[in-house]
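Q: I'd like to ask you about the structure that follows.
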Ligand SMILES: NC(=O)c1ccc[n+]([C@@H]2O[C@H](COP(=O)([O-])OP(=O)(O)OC[C@H]3O[C@@H](n4cnc5c(N)ncnc54)[C@H](O)[C@@H]3O)[C@@H](O)[C@H]2O)c1
């Protein structure tokens, strides 16, 4: 029996992945861990738990005693770690929780996987560890230097270095590291760009666009991300560092996941407003940009395409429209969140850092 442990299961991608596995791989047993940060909501996974499809443990991944007990009690065989503090704006105001979850937490969970022994440990990271790209520069790859420049990305990059160290120091472990572009889709906490734009308009508020809005992002539908991770997590092949990995990081089992859908934030806002049938000029306000905001990043999924036969299925315009539709149809999920959340958007003209 294969038992999958999903860390960060109550977040956007982790909860989508749990639902995806439940739908497509019903024979798997699913165990989820999450400490339910202020950016996650239990109602996102409650239906799965109530249906008996997911066993949920509320715990910090740094609580190795509880995590170890969970691995043992449920005979966990494969692990996927989504657990991270993930909002760039919040990381500027208070970087410490980001370091604890994204760097130390990454190591603590790996250490439990090493001590207890699992078949595979997949660590989810981000395009942002590579830093900012010059206009027109080729996509980043696993061989690119880690050059994160924001507190969120630096904490994730620290996690990456720890994962790489485990890959090379403990060759018996089967570890995979992934980087994905910006995800969009249902169940994303309404402080992130796309759900913030949609829920603002649905509440009669304007969309705040940071600076000129020409920051470019590499957009990936969360369902495409889940299909890529399913292959990496469940593939029967083994993932190991190659013999020359010490001087060539391209020989590490690192997979970049992208749909090659690179557009500006302003273009995303245009697509959302068009899906909601609202005139652009009436619903957009340019506001002070976030400090140290990355202008552009792009990765290339050629390795996962060629080695695992993964291809994205979503088409940005059509699937973003579907996403907008989801938030229109699921106010019952996001209204209580926006009503109870202290701050979903940040006024960088007024904030002191
Ligand atoms: N959203 C994106 O566009 C994107 C893109 C690429 C990579 N990623 C990565 O994917 C992962 C998931 O991202 P997301 O968008 O779902 O984030 P999210 O913030 O929606 O979810 C993260 C979840 O992890 C939990 N968590 C955080 N620290 C924890 C800890 N110490 N112990 C237990 N639980 C903890 C939170 O409570 C939350 O439920 C992150 O590692 C992120 O860096 C996200």
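Q: At 222 nm, what value in deg cm²/dmol follows for the chain if DSSP H runs of at least 4 each add -39500 (n - 2.57) and the sum is divided by all its residues, to the nearest 500?
A: Only helices count here, giving -11500 deg cm²/dmol.
Q: Let me ask something additional. Based on the alpha carbons, how large is the Rg to Rh ratio for the chain when Rh follows Kirkwood?
A: Rg/Rh: 0.94.
Q: Continuing with this model, one more query. Using a 7 Å offset from the Cα along the Cα-to-Cβ direction at both residue 58 and residue 331, what is the distance between the two label points in nm, to one decimal?
A: Going by the 7 Å Cα→Cβ label model, 2.9 nm.
Q: Give the share of C-alpha pairs in each 10 angstrom bin for segment 97-140, from 0 to the last occupied bin, in whole percents, shortest bins first.
A: That works out to 22, 37, 25, 14, 3, in percent per bin.
Q: Roughly how far apart, in whole Å, are the Cα centres of segment 315-353 and segment 160-208?
A: Centre-to-centre distance over Cα atoms comes out at 15 Å.
Q: By DSSP, what percent of the beta bridges with both residues in the chain are antiparallel, rounded to the nearest 5?
A: 10 percent
Q: Need the C-alpha centroid separation for segment 264-286 versus segment 1-70, integer Å.
A: Taking the Cα centre of each part, segment 264-286 and segment 1-70 sit 35 Å apart.
Q: Also: State whether segment 263-318 is rounded, prolate or oblate according to the following rule on the C-alpha gyration tensor (a ≥ b ≥ c being the square roots of its eigenvalues): a/c under 1.5 gives rounded; otherwise a/b larger than b/c gives prolate, and the remaining case gives oblate.
A: oblate
Q: As I understand it, the value is the acute angle between the Cα axis of helix 106-116 and the longest principal axis of the Cα atoms of the chain; what does it come to in degrees, rounded to 10?
A: So the helix axis and the longest Cα principal axis differ by about 30 degrees.
Q: Right, next: Using a simple spin-label model with points 7 Å from Cα along the Cα→Cβ vector, what separation in nm is obtained for residue 46 and residue 321?
A: 3.3 nm
Q: Now, a different point. When you count, for each residue, the other Cβ atoms within 10 Å and take the mean per peptide, how do 239-250, 9-20, 99-110 rank with the highest first?
A: Top to bottom by mean Cβ count within 10 Å: 9-20, 99-110, 239-250.
Q: Would you kindly calculate the mean projected area, averaged across all directions, of the convex hull enclosing the Cα atoms of segment 167-326, in square nanometres?
A: If you wrap the Cα atoms of segment 167-326 in a convex hull and average its projections, you get 11.1 nm².
Q: Could you list the square roots of 5 times each eigenvalue of the Cα gyration tensor of segment 63-119, that is, the equivalent ellipsoid semi-axes, sorted largest first and rounded to whole Å?
A: 26, 10, 9
Q: Right, next: Distance from the Cα centre of segment 222-254 to that of segment 84-112, in angstrom?
A: So the two Cα centres are separated by 22 Å.
Q: A further question on this structure: Expressed in nm to one decimal, what extension gain is obtained for the pair residue 111 and residue 147 from 0.36 nm per residue of sequence separation less their Cα-Cα distance?
A: Using 0.36 nm per residue and subtracting the Cα-Cα distance, I get 10.4 nm.
Q: If you don't mind, another one. Computed FRET efficiency, Cβ-Cβ of residue 27 and residue 289, R0 56 Å: what is it to the nearest 0.05?
A: That gives a FRET efficiency of 0.70.
Q: Take the Cα atoms of segment 267-353, build their convex hull, and give its volume per residue in Å³.
A: Measuring per residue, one finds 183 Å³ for the Cα hull of segment 267-353.
Q: Right, here's the next one. In Å and from the alpha-carbon atoms only, list the Rg and Dmax of segment 133-184.
A: Cα radius of gyration and Dmax of segment 133-184 are 13.1, 41 Å respectively.
Q: Can you give the Rg to Rh ratio of segment 42-153, both from alpha-carbon atoms, with Rh computed by the Kirkwood formula?
A: Ratio of gyration radius to Kirkwood radius: 1.04.
Q: Output the Cα-based Rg and Dmax of segment 142-255 in Å, rounding Rg to one decimal and Dmax to a whole number.
A: Cα-based Rg and Dmax for segment 142-255 come out at 18.0, 58 Å.
Only the coordinates and a few stated rules stand behind these numbers; no lab work does. Everything quoted here is computed from the prediction, not taken from an experiment. Please note: Cβ atoms are built from the backbone with ideal geometry, for glycine as well, and neighbour counts cover all protein chains shown.
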